[in-house]
1. I need the phi-derived Karplus couplings for the range 172-179: 6.51 cos²θ - 1.76 cosθ + 1.60, θ = phi - 60°, integer Hz, Gly and Pro marked x.
2. Near residue 104, which lysines are there with a Cα under 24 Å away, not counting those fewer than 8 places off in the same chain?
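Rule-based calculations on the coordinates, nothing more; no lab input. Predicted, not measured: the structure shown is a model, and the values here were computed from it.
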Amino acid sequence: MIRVLLIDDDPLVRAGLRLMLSGAGDIDVVAEAGDGGEVPALVDEHRPDLVLMDIRMPDVDGLEATTALRTRPDPPTVVMLTTFREDEQVLRALQAGAAGFLLKHTPPAEIVAAVRRAHAGEPVLSPAVTEQLIARVTRGIGTDRRPGSAEARTRLDRLGPREREVAVAVGQGKTNAEIAAELYMSLATVKAHVSHILTKLELTNRVQIALAVHSAGLT
């Protein structure tokens with residue numbers, strides 16, 4: 001079972017999410033709350049695998065709560081909820097360690113699938129939203145690394161040739177299985193490369209790899 005914690009200040013949104021997620025046989029909504037300030041205590045009590053969290057909340061917002069969670073040992077995966085009007089905050093949340101984000105109007109079946117992908121370590125950014133997000137990166141919102149900049153390319157020079165190929169494939173939004181097929185690697189080898197990339201680039205998830213690759217102009 002994938003243990004999920006719901007954090008959103010709108011009770012109707014939480015009720016809808018609980019209903020759709022609880023209908024999946026492999027997902028258990030263990031708790032819910034209306035503000036990011038409640039996250040630490042609920043994580044301690046319920047040990048969720050994944051936190052589905054709104055970005056905008058009245059007291060402690062999703063960005064602050066995500067940043068705090070990432071300082072904990074073995075933190076749960078965080079997926080942000082947004083209307084995408086807050087795209088600058090989305091970028092900041094991803095840089096803080098969120099594994100991705102979902103639009104609130106995403107169809108129920110896609111939200112369930114995204115929770116499963118995030119739990120498995122896969123990105124949960126749709127191609128259309130990724131394109132918008134990268135457009136924000138190219139205009140320098142929330143980051144000082146311009147695409148194709150020497151700083152970004154130098155950072156990726158820490159990677160070996162095969163690690164670099166895997167990083168570019170991650171930046172293209174490909175899953176581990178797709179990368180394995182394309183680069184003629186075993187799935188275990190791809191996972192090992194992704195782990196090494198995260199360590200060498202001092203990142204926490206695949207979305208941050210994708211942002212680094214786009215910032216270097218490699219896609």
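1. Calculated HN-Hα couplings, in order: 8, x, 7, 7, 4, 5, 5, 5 Hz.
2. Within the straight-line limit of under 24 Å, residue 104 reaches these lysines: 174.
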